[in-house]
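First the structure, in the form of structure tokens, and then the observations on it.
Just so you know, all these numbers are worked out from the coordinates, no wet-lab data involved. Keep in mind that what you see is a predicted model, and the values were worked out from it rather than measured. Counting neighbours? That spans all protein chains shown, and the Cβs are built from the backbone with ideal geometry, glycine included.
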Amino acid sequence: MIEHDAPAHRFVDRLDAGDATLSYTRAADGTLDLQHTFVPESERGRGVGEQLVQAALAHAREQGVQVIPSCPFVQSWLDEHPDARDLVAG
């Protein structure tokens, strides 16, 4: 289950192998700069990163803010999911 750890500016999935995270910074206008995704090596390829991205985007949508996909993984995910591109700050 993905948690939003707002004080640490990250989304977290606490796995047996360690925490998988998507870290971000928040701009003055509320925009989320999605900066770095990390998934423990033993958990890669199982969709954990995708779940982190989806949680971050769902949060952005709920908050009415846009995102900056600085993280290459996030950008790659957005390239494959054009329906979410409306959240990208232009």
For the chain, run through the trypsin sites (Lys or Arg not before Pro) and keep only the ones in DSSP coil with at most 14 other Cβ atoms within 10 Å of their Cβ.
Arg44, Arg46
Angle, helix 48-63 long axis vs. longest principal axis of the chain, Cα atoms, 0 to 90°, nearest 10?
30 degrees
Dipole in debye (nearest 20) - the chain, about Cα centre, beta carbon charges: Lys, Arg +1; Asp, Glu -1
120 debye
Using Cα pairs under 8 angstrom and six or more residues apart, how large is the relative contact order of the chain, in percent?
24 percent
Taking amide hydrogens as modeled 1.01 Å from N in the peptide plane, which residues meet the under 5 Å criterion relative to Leu15, leaving out close sequence neighbours?
Ala20
Using only Cα positions of region 2-83, each an equal point scatterer, no hydration layer, compute I(q)/I(0) via Debye at q = 0.24 Å⁻¹ and quote the log10 values to two decimals.
-1.20
For region 14-19, just list the computed ³J(HN,Hα) in residue order, Karplus coefficients 6.51, -1.76 and 1.60, θ = phi - 60°, integers in Hz, with x standing in for Gly and Pro.
7, 10, 4, 7, x, 6
